[in-house]
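The values are calculated or read from the model by the stated rules, or taken from the named source; none is laboratory data. Quantities reported herein were computed from a predicted structural model and do not represent experimental measurements. Using ideal geometry, Cβ is built from the backbone for each residue, glycine included, and neighbour counts are taken over all protein chains shown. Note: accessible area is taken over every heavy atom of the protein model, side chains too, but ligands, DNA and RNA are not part of it. Shrake-Rupley method; radii C 1.70, N 1.55, O 1.52, S 1.80 Å.
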Amino acid sequence: MMAAAAIISGCTERITFKAGVSDIYPDTSYLLTVETVDSLRNTVVTACCDTIPGISVTIRWEKDGDDLVAKATVRNDNPEYVVKSFEGPIVGGMRFNLEEHHLMMPFGMGELYRKCPSAPDEKAPMVRDVLWKNVNGRYVLSAGYPSRNMSMQWCAFASESEGVYFASHDAGRKGKEFNVVYDPVDSTFSVSLRHLFTCFGGEEYEVPETRIHPYTGNWHRAADYYRAWFDTCFRYVEEPQWLKDCSGWLLAITKQQNEEIMWNYDEYANGLSDAAIDRGLDIIGLFAWAHGGHDRFYPDYYPDPERGGEEGLRKAVEGIKERGLRTIMYVNGQLIDQNGTQFWPDTGKFITMVNKDGSLISETWHKYYDAPARTHGRACFSCDVWRKRMLSMAKLAQDFGADGIIYDQLATRSPLFCYGENHGHTVPAVVVEQDRLDFITEIREEMSRIDPEFVVMTEGVADYEMSCINIFHGCSFDVYPPDQAAMEDRLTGRSGATWFPEMLEYTFPEMLMTVRNPAPVTSRNMSNFTLVSHLKNEIECRYMADVRYLKEDRIPEIEDYYNVTTKPDLALVRSQDPVAMREYQKCLADFQSRNKDLLRTGKFTDTEGFAFSGSHELCMAKAFVSGGTTGIVVWNISQDRPLEYSVEVPGKKLISAESPENTRTDAVAPESIVLLRFE
């Protein structure tokens, strides 16, 4: 039989639900994806449900207080087919003015959409990689959960006084896509979730519920609702106190893909540690400590004989500890280099994820023009041999004296289907989902037994992993600090879409995460953004010009990165005074240490519980709570105007005001912050 896929649609009587801001029409329309099980190599699309007998869908809408809850069941009684996804119910016909009821999406830490696209070729409004895409005249926002693109399972249309919350209350944290569609013809929105799963002949699948919740108040009420549900389902990982108290890290790639050595082992405890200490950073992220260098020879990680071998590495890690710093060592959690190791021909190619056409799922990374690109297979987390290999790396890092390990990429990629035989899963199966969670959880639990103070870190951010990851390396939207233009665009309302990290930080204020700053320097306002957003600080040293910047305060020339394919932000690096910024970063770190009850371990409550006004629009204020103390951080984002302000916290009295640089606190200097304590 020729392989076939069907997209089956259906619709029954609609129910009108008054949400307070728009009539919402929850219906039973859906899309179903099916393919044959005897030949998975080709796809034929048909819109006729009758061509595939034995497959049925039941959708039920139920009232739960003020909420509407959709529950769906997919039944497959046809052994020739496997159902692969269900999108629905598709809730449409909604009318919102985004200038009043902003669309909040958890892309990365959060994005806020304030205008609708109106022209067929319009690419704005957008924020970095997330934008409305024109699909046959309609505009679509779409992202997969869990991944760096979608950190939580909820979104909302929110005004200052009311809103509507859409979510998947899925305790299994299964793979899915969130889709928001705007139709400019009738100015309506639709929201749907596409759930990924496999339902073979003789099986039934209960689709995770979709919940619509109208609420009164600002967007925090939607976040509170999601958090209250999340707390009933999940146990959070325990963080060691040293990690809660840390200021941030210096991420150092110590050997590059072209074999260029950035930092020798005998420099870890002096030059590299000096660079961190001078900036108030208390963790060294040791990337490319192994013989292969960065993005090369994975998953073979052996101490580099060129830099002193195992004895030299152990001495280097111990030297970092003697300087009062912590060490987190790098491995890649999913990539297998297809050249240069015996692991690939013996094992790697057999445990790499497989596409439907039989090709291997791979990634290519190319860092230098004078070195070949490296192609890596993406390991399938269902394979026991990969789990054992990665667990052995955590044990090795701990044995070398490290305080933690970072598994690169384990919160970045979206779930997908794997067709690999002998991986320990059905064919096909949804992977980079429960298998990824089980994989990390197994490592976390084993390492906790060995050393309760040892931490597991990963790249990306998703609430999905808060039960097994201690700290996230914020490689995601809105974890990169916005530049000055983006900051001003948000506060002046010039942009149709804007960064909104508060969405994640308010929902999960205890989540530990670094900012992502792929440069050896930061600006004043980028550093202020990190503090105000309750993130850990970071600078990165990736290239030899970065090393010279840290060692010698030498501002690089453009030619210094001539052979580098992905350069740091040269406008940023070349515009900052290296001495002034080093001192300001250290000043902010010391300030946070003096006020760590609020700024390190306090609860971020955003704009809740106080009133604020400023003398110009380029400012914001955020609250941090510890016991009976409320701290308000006032941030003047303007580069040339002082800020006069007023703050009131009902029921509390101002007891102190402090600035990191001991400047005036009754007015905030440009690109500066002030902390007010109320009790």
Check: So which of Gly333, Gly324 is in contact (Cβ under 8 Å) with a residue 40 or more places away in the chain and out of contact with any strand residue (DSSP E or B) (no Cβ under 9 Å at 6 or more places or on another chain)?
Finding: Gly324
Note to self: Between Tyr215, Tyr265, which is more than 30 Å from Gly340 (Cβ to Cβ) and among the hydroxyl-bearing types (Ser, Thr, Tyr)?
What the structure shows: Tyr215
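Condition (residue is open to solvent by less than 40 Å² (accessible area, probe 1.4 Å), assigned to a helix (DSSP H, G or I), in contact with an Asp or Glu (Cβ under 8 Å, 6 or more places away or on another chain) and of a type outside the set (S, T, N, Q)) applied to region 389-397: is it met by at least one residue?
Scanning region 389-397, I find at least one residue that is open to solvent by less than 40 Å² (accessible area, probe 1.4 Å), assigned to a helix (DSSP H, G or I), in contact with an Asp or Glu (Cβ under 8 Å, 6 or more places away or on another chain) and of a type outside the set (S, T, N, Q), so the answer is yes.
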Item checked: Residue identified as over 30 Å from Leu131 (Cβ atoms), in contact with a strand residue (DSSP E or B) (Cβ under 7 Å, 6 or more places away or on another chain) and among the β-branched types (Val, Ile, Thr) among Ile450, Ile471, Ile405 -> Ile405
Next item on the list: Given the conditions (1) of a type outside the set (Phe, Trp, Tyr); (2) modelled with pLDDT of 95 or more; (3) touching a strand residue (DSSP E or B) at 6+ places or on another chain (Cβ under 9 Å), report the number of the one that Pro214 does not fulfil.
Entry: (2)
Check: Tell me, which strands (runs of 3 or more DSSP E) lie completely within region 576-652 with 1 or more residues that are open to solvent by 60 Å² or more (accessible area, probe 1.4 Å), farther than 26 Å from Asp224 by Cβ and among the β-branched types (Val, Ile, Thr)?
Finding: none
Notebook entry, point to check: Considering region 468-499 alone, what residues qualify as being under 15 Å from the mean Cα position of the chain (by Cα) and at pLDDT below 95?
Noted result: Gly474, Cys475, Ser476, Phe477, Asp478, Val479, Tyr480, Pro481, Trp499
Check: Among strands (runs of 3 or more DSSP E) lying entirely in region 423-500, which contain 2 or more residues that are touching a helix residue (DSSP H, G or I) at 6+ places or on another chain (Cβ under 6 Å) and over 30 Å from Gln639 (Cα atoms)?
Finding: 455-460
Next item on the list: Name the one entry in Phe96, Phe86 that is at pLDDT 90 or above, within 19 Å of Ala143 (Cβ to Cβ), of a type in the set (A, V, I, L, M, F, W, C) and surrounded by 14 or more Cβ atoms within 10 Å (Cβ to Cβ).
Entry: Phe86
Note to self: Between Glu505, Glu557, Glu552, which is acidic (Asp, Glu), at pLDDT 95 or above and open to solvent by 10 Å² or more (accessible area, probe 1.4 Å)?
What the structure shows: Glu552
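Return yes when Cys233 is hydrophobic (A, V, I, L, M, F, W, C), open to solvent by 10 Å² or more (accessible area, probe 1.4 Å) and either under 30 Å from Ser527 (Cα atoms) or at pLDDT below 95 (or both) and no when it is not.
So Cys233 passes the test.
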